[in-house]
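Single-structure report; data block below.
Nothing in this text is a laboratory measurement; each read-out follows from the coordinates by a stated rule. For clarity, every value in this text was computed on a predicted model and none was experimentally measured. Cβ: placed from backbone, ideal geometry, glycine included. Neighbour counts: every protein chain shown.
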């Protein structure tokens with residue numbers, strides 16, 4: 001008799017922001033700047049993003065790594 005190797009289904013919702021489990025090194029935050037404005041970035045822990053108010057962009061953090069490409073950034077609303 002063979003058993004099904006798939007995990008049991010769960011009714012629990014998937015974690016909405018899986019990157020939240022990874023923290024970013026505070027020393028890295030001190031040296032990173034926006035690649036567009038060269039200005040400072042604010043860390044939004046809840047959304048796992050580095051926010052440039054000057055460029056109105058939010059750069060994602062994936063698996064603890066900031067993705068500092070403007071084409072990967074989310075545009076902030078006015």
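What the table below lists for this structure:
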quantity	calculated
Two-decimal ratio, the stretch 18-75, of alpha-carbon radius of gyration to 2.2 N^0.38 Å	0.99
Relative packing of 59-70, 28-39, which averages over residues the other C-beta atoms within 10 Å, highest first	59-70, 28-39
